[in-house]
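A.B. asks: Dropping a structure here in structure tokens format, bear with me for questions.
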């Protein structure tokens, strides 16, 4: 009986420890959702990659992205064709930037950006700003 009581106590204690971790994850995910509903329209993966889908053909989104990178003072290193669309590699200060454009349909393009700062860190703010500036260029073109 005493061993059963100790096991119950241990299970309860571990549940509290793990649930408090879930609360932190929940608050983080709430913060991401709050940013999306606040009007940025940019979604994120858990590892800091920003993405968004535009109702515009891939060539227009590519031109807008290159214009946005230029306005931000980010140097484009290479552009290459991929199976789904285009891949743009760029550099800004101490960041390696990757922008992937994927044609969802002839009139819809998904943009995915990641700004790597060193080996382990990703700069979500810069990745987001690239998407927001691309959106501004697309809006001005309409």
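A.B. asks: Checking residue 13 against (1) under 19 Å from the mean Cα position of the chain (by Cα); (2) at pLDDT below 95, only one condition comes out false. Which one?
C.D. replies: Here residue 13 clears every test but (1).
A.B. asks: Please give the strands (runs of 3 or more DSSP E) falling wholly within the stretch 45-102 in which 2 or more residues are without any contact (Cβ under 8 Å) to a residue 40 or more places away in the chain and buried (at least 17 other Cβ atoms within 10 Å of the Cβ).
C.D. replies: Counting at least 2 such residues, we get 85-92.
A.B. asks: Hey, could you check the stretch 106-128 for residues that are touching a strand residue (DSSP E or B) at 6+ places or on another chain (Cβ under 9 Å) and within 18 Å of residue 82 (Cβ to Cβ) and say which is surrounded by the fewest Cβ atoms within 10 Å (Cβ to Cβ)?
C.D. replies: Step by step, filter the stretch 106-128, then rank; the result is 108.
The values are calculated or read from the model by the stated rules, or taken from the named source; none is laboratory data. Just so it is clear, the structure is predicted and the values come from calculations on it, not from any experiment. We place every Cβ from the backbone using ideal geometry, glycine too, and count neighbours over all the protein chains shown.
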